[in-house]
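For reference, the structure is listed below as structure tokens.
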Amino acid sequence: MLFYGLALLVLIVLALLWLGGLYFFKTAIRRAPKSFLVDNPNLMPEPDNEIISSASDMAWLNTQPTEDIYIESHDDLKLRGTWLPSHSGSQHRTVILAHGYSGKGREMAGFARFYAEKRGFNVLMPDDRGHGQSEGNIIGFGWLDRKDYVQWVHWVLDKIGTETEIILHGISMGGATVLMTGGEALPNQVKAIVSDCAYTSVKEELTFQLKQLYKLPAFPFIPVTSLISRWKAGYFFGEASALNQLAKVQAPVLFIHGEADTFVPTEMVYRLHEACPTEKEHLTIPRAGHGTSFQVDRARYEEVLESFLTKSLSHSSPVPANDK
């Protein structure tokens, strides 16, 4: 009798863990409104600063001659991107911008404006799978997306030719995405990577958020949810690692992080920087929270980014004054 009672108790505990894992999977990985991001104090911008892009940057993008473009992913998803050709007529420079979790490509308007107006770049702003107008019910956290961004790189080469030099620039989940992409086999036209407030791995970031939002330990919730993710999304949390992918990166990397980031801990940027085997730089912005470094100190951000681009690209001269 005692044996059956213990067996029943074990089954109940396992069932509750499984249901908990399904809940956390749906909350974090399934495409759905992310209520836990609303009024999250760890994502609130500094006073008088707006997250990612200001209203003026968005208004600027809405006046530009952009084009909606589409590719088909390796697993048959229709992925959408926004293409902004260089207004200076240059085909030599292209940036692919990677947005953050629960975002979309056009929210990268502030970065697009910098690259278009100050550097004369072509700009590509994809909507990640499971985001914006792209298909997909699963959020890839950069791991699934890395293969999509390899395809976007080849789309650029098909569009404007092999003479272009390409920068990958991402923020938050996008910052991890470009690092994960950098660990794949890329054409030599990809000259540099800019990673802003990236996490080291999906496992570490979700472990951190589980404690922040639910006051729960990693075990057993992360392993159970990771197992469900492997079943339903095709990847374990541990394999989705920007830190591991960095070992295979061949391009120079600029790491950026806000010193007041309490959503993706600032300490992660130091470990990412340390793991990078190529030429590398890092910039931390005082008082900047998650994803707000560009808004909190745009002048410093652009200064360091300009210098990094000059060192990384051969066609790196700023846009002539009469082209701005």
Exercise. In the stretch 73-142, which strands (runs of 3 or more DSSP E) lie fully inside it and hold 2 or more residues that are of a type in the set (D, E, K, R), surrounded by fewer than 24 Cβ atoms within 10 Å (Cβ to Cβ) and at pLDDT 95 or above?
Worked result: 78-84
Exercise. Which helices (runs of 4 or more DSSP H) sit wholly inside the stretch 173-283 and have at least 3 residues that are surrounded by fewer than 19 Cβ atoms within 10 Å (Cβ to Cβ) and without any contact (Cβ under 8 Å) to a residue 40 or more places away in the chain?
Worked result: 202-214, 221-232, 267-275
Exercise. If you check LYS159 against the conditions, is it surrounded by 15 or more Cβ atoms within 10 Å (Cβ to Cβ) and within 20 Å of VAL95 (Cβ to Cβ)?
Worked result: yes
For this session: Scan (1) aliphatic (A, V, I, L, M); (2) at pLDDT 95 or above; (3) within 15 Å of VAL194 (Cβ to Cβ) for the single condition ALA299 breaks and write down its number.
Result: (3)
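The values are calculated or read from the model by the stated rules, or taken from the named source; none is laboratory data. None of the values given here were measured: they were computed from a predicted structure. Virtual Cβ from ideal backbone geometry, glycine too; neighbours counted across all protein chains shown.
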